[in-house]
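Read the structure below first, then the notes.
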Amino acid sequence: MAKSKFLKLDSLSFQDFDENSELIPLMTPEDEEEINNEVLPETLPILSLRNTVLFPGVVIPITAGRDKSIKLINDANKGSKVIGVVSQKDEVVEDPTAKDIFKTGTVARILKVLKMPDGNTTVIIQGKKRFEIQEVMSEEPYMTATIKDVQEAKPAIDNKEFSAIIDSIKDLSLQIIKDSPNIPSEASFAIKNIESNSFLVNFVSSNMNLSVEEKQELLEINDLKERALATLKYMNVEVQKLELKNDIQSKVQSDMNQQQREYFLHQQMKTIQDELGGGVSSGEEIEDMRIRAKKKKWDNQVKEHFEKELAKMRRMNPQVAEYSIQRNYLDLFLDLPWNKFSKDKFDLKRAMKILDRDHYGLDDVKKRIIEYLAVLKLRNDMKSPILCLYGPPGVGKTSLGKSIAEALGREYVRMSLGGLRDEAEIRGHRKTYIGAMPGRIIQSLKKAGTSNPVFVLDEIDKLSNSHQGDPSSALLEVLDPEQNSEFHDNFLEMGFDLSKVMFIATANSLNNIQPALLDRMEMINVTGYTIEEKVEIGKRHLLPKQLKEHGLTDKHLKVAKPQLEKVVEGYTRESGVRGLEKQIAKLVRHAAKNIAMEEDYNLKVTNEDIIEVLGVPRLERDKYENNNVAGVVTGLAWTRVGGDILFIESILSKGKGNLTITGNLGKVMKESATIAMEYIKANADEFGIDPEVFSKYNVHIHVPEGATPKDGPSAGVTMLTSLVSLFTQRKIKKSLAMTGEITLRGKVLPVGGIKEKILAAKRARIKEILLCEDNKRDIDEIKPEYLKGLTFHYVKDMSDVLKLALTDQKVKNAKTL
């Protein structure tokens, strides 16, 4: 029995079979000629394929699952067995219409129909001729359309160029079959035995690993020679991919570990991406960094370091953890503003207007800023000084930085140091560690985008230390104008110039700042506000701000100065204005509620409205107490939130001359009480006190508000005056307060915090104040309007204090000692 080459459909491999087999023979030139001469019908049922393209002469099995497709196949199988096959543009479409399919397809003959157990129908079809849809006639029960024949332009038989193309296709096909482990070697026999050039091109095109769109493009090419050339192009790409894949595989050892396996897979992926032009490879990433580096304005040292690190990244395996660290490192280099500066604005009058607009008072600070701008304007190369604004909370230290940045025309950066206890937060981590990152100084400059921003170091007195280092020590280099031109960040590993940055530190107290760090900064005291200043700040800034935040305008609520003064005096106890802002916010919220509920309210706030909204004034206890009791004296104290008045109380009881001191007092304050007591004993005759009193009576000194810690030497004169008043039973002068340190010789020494103490005295309606003579210079620095209504007495020793403080009038029911 004669033998012939057949295509085995179940495995799609080529083998020898008997002619009696139910398999499909390969197409011969005679078969091709017969098909070309076959006349196509005018109308055909159209079967759409989801993810493949049928070429003329090629036999393929397809699975039909859609109802329309199954009915079309069954009807055609009972009739002429001829159908039109086209491909869908989008395989997701479940019920394609005319706009969802390509116009060019292939006429096919149904060879065999198989019913599958899962309910689907598998049909074996063979392509015949290409056609083009003219018009879709109907879409129910399946699509039918009128078609026209698409003729194929074939080269002459003796065309040497075409013959060479066909030979190349055969050779490359055999090479692909040989190099690809997924194609059985028997397929090479089929390629060798294909006699029709047209069928060879169609067969190879059908079996290549191409997308539906690419195969459709090949099908639509009418010139056979052009189609063969396009097929050859795709085959060359496939051969190169196989060669690259095999080259990589040959380099990988059979006993590779997990890391080697990941590297191998990545190389394959990289090769595929490079060939197909998709994705971003590490090479493209490195090239992008190189292009960005050309635009940077860095010096030769930085440039050489960057190129060295870039070369190191090129040699790294992208799958290892160090690769991402190196990439982040180089990204930081490219993002930092090397030698990039914003242009300073030297319009001093404009700068003064901005400072006055945003901040009421603070004349010393504004003066210093204007001086800095003036010097910078004249020299244009001055290293920025390090300013430290210290004072109680809520006085505008932090917000002042924004105003300075606007006045200078620089970027504004704020870094909160409260609770910072890790040195790496300042200097960064060494990039040898996984998860390493630069310090917050460098990160903030990267965010600012310039090398000369206004940099606010907020709450520098709140720095702490731990086993992870001392951040305040790390700041020494940052805040030293002689050193910060080469600030070294552990992650950056290069010096970065911070000398053009204007650093402004803020602090509530200088006691907690490291002395070496304190020495590097210029201290500017931002003291508290007087009642008049608070009223102006409330009127100009706080009330408009709160109205805006609550969706209101000045047409919805008005607060006059007398009412603001009442709020300041009765509901706030601070040097700053945060508490005042909270009280104003309550008034605004009350108005907003009434507007929302459409209820009547007073547009102009009255005193009664204030009591209704804020409650009864809570701070009347700070007012000066009467002088009807011996031994009670008003002192002035400095606290972290500003100035305050302090009452010193003394009392006698029969005993053995013991001295008791209470009120949560510190060591220094207790020593002041002891000094005062011993001074009185030593000068009893001068004060008219019987010395035997000291052995018959116990003395108890108490400072009220015992839960509040108190310390410092400035209560010395107050304690001594209290004790003398107690022993002599003489009244203290009305509306009098005092502050000062004493010695055993009775000298009065100067103390600090004078302005804050003066403000506290004004709030308490004090009229006269006793101070050391050396504190007169502090009073001279205060604006005269702040001192209105106050009388100052300057003393040198305790005898002057007692003459001014004690009256000759005895208290009622005075004790007989």
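For D497 and S80, the FRET efficiency from 1/(1 + (r/R0)^6), where r spans their Cβ atoms and R0 equals 51 Å, is about 0.05.
Rg and Dmax over the alpha-carbon atoms of region 531-620 stand at 12.2, 37 Å. If you plug the beta carbon distance of K295 and V136 into 1/(1 + (r/R0)^6) with R0 = 56 Å, you get a FRET efficiency near 0.45.
Order the peptides 358-369, 658-669, 779-790 from the highest to the lowest mean number of other Cβ atoms within 10 Å of their residues.
Descending mean neighbour count gives 358-369, 658-669, 779-790.
Taking each residue as 0.36 nm, the span from T553 to T807 lengthens on full extension beyond its C-alpha to C-alpha distance by 85.9 nm. Pairwise Cα separations in the chain fall into 20 Å bins from 0 onward with the following percentages, short to long: 12, 24, 19, 16, 15, 9, 4, 0. Within the chain, DSSP assigns beta bridges of which about 60% are antiparallel (rounded to the nearest 5).
Sequence gap at least 6, Cα distance under 8 Å: using those rules, report the relative contact order of region 531-620 to the nearest whole percent. Before the final figure, lay out each step's value.
Values: 87 pairs, mean separation 32.6, N = 90.
Reported relative contact order: 36 percent.
Over the Cα atoms of region 280-335, the radius of gyration divided by the Kirkwood radius equals 0.95; this is the Rg/Rh ratio.
Peptides 332-343, 316-327, 745-756: what's the order by average Cβ count within 10 Å, highest mean first? Before the final figure, lay out each step's value.
Values: 332-343: 16.8, 316-327: 14.9, 745-756: 19.5.
So the order, starting with the most tightly packed, is 745-756, 332-343, 316-327.
Residue separation times 0.36 nm, minus the C-alpha to C-alpha distance between T63 and K788: what's the value? Mind showing how you got there, number by number?
Numbers: separation 725, 0.36 × 725 = 261.00 nm, distance 10.12 nm.
The span from T63 to K788 would gain 250.9 nm if fully extended.
Entry for region 152-220 at q = 0.20 Å⁻¹: log10 I(q)/I(0) = -0.93, Debye formula applied to identical alpha-carbon scatterers, no solvent contribution. Over 24 Å, how big is the tail of the calculated P(r) for region 678-817, in percent of all Cα pairs? Counting pairs separated by more than 24 Å, the tail of P(r) holds 34 percent. For the pair E304 and K233, label points projected 7 Å from Cα toward Cβ lie 4.9 nm apart.
Find the all-direction average of the projected area of the Cα convex hull for region 60-203, expressing the result in square nanometres with one decimal place.
Mean projected area for region 60-203: 11.4 nm², to one decimal.
With R₀ fixed at 45 Å, the C-beta to C-beta distance from Q268 to K345 puts the FRET efficiency at about 0.20. Report note on the peptides 447-457, 505-515, 192-202: ranked by the mean count of other C-beta atoms within 10 Å, highest first, their order is 447-457, 192-202, 505-515.
DSSP loop (so not H, G, I, E, B), at most 11 other Cβ within 10 Å: list which trypsin sites (Lys or Arg not before Pro) in region 531-610 pass both filters. Mind showing how you got there, number by number?
Details: sites: K534, K539, R540, K545, K548, K555, K558, K566, R573, R578, K582, K586, R589, K593, K604; in loops: K555, R573.
Of the trypsin sites (Lys or Arg not before Pro), the ones in loops of region 531-610 whose Cβ has at most 11 other Cβ atoms within 10 Å are K555.
Under 5 Å from the amide H of I125 lie the amide H atoms of I60, I62, L111, each residue being 5 or more positions distant or on a separate chain, with H modelled from the backbone and absent for Pro and chain starts.
The alpha carbons of region 357-505 give a radius of gyration and a Dmax of 15.8, 51 Å, in that order.
In what sequence do F647, F203 fall when counting other Cβ within 10 Å, fewest first? Could the numbers behind the result be given before it?
On the way: F647 18, F203 24.
The order, fewest Cβ neighbours first, is F647, F203.
Loop only per DSSP, at most 15 neighbouring Cβ atoms within 10 Å: give me the GluC sites (Glu not before Pro) in region 479-561, ordered by residue number.
E482, E493
Bear in mind these aren't lab numbers, they're just calculated from the coordinates by the rules spelled out. Just so you know, these numbers come straight off a predicted model, no measurement behind them. We place every Cβ from the backbone using ideal geometry, glycine too, and count neighbours over all the protein chains shown.
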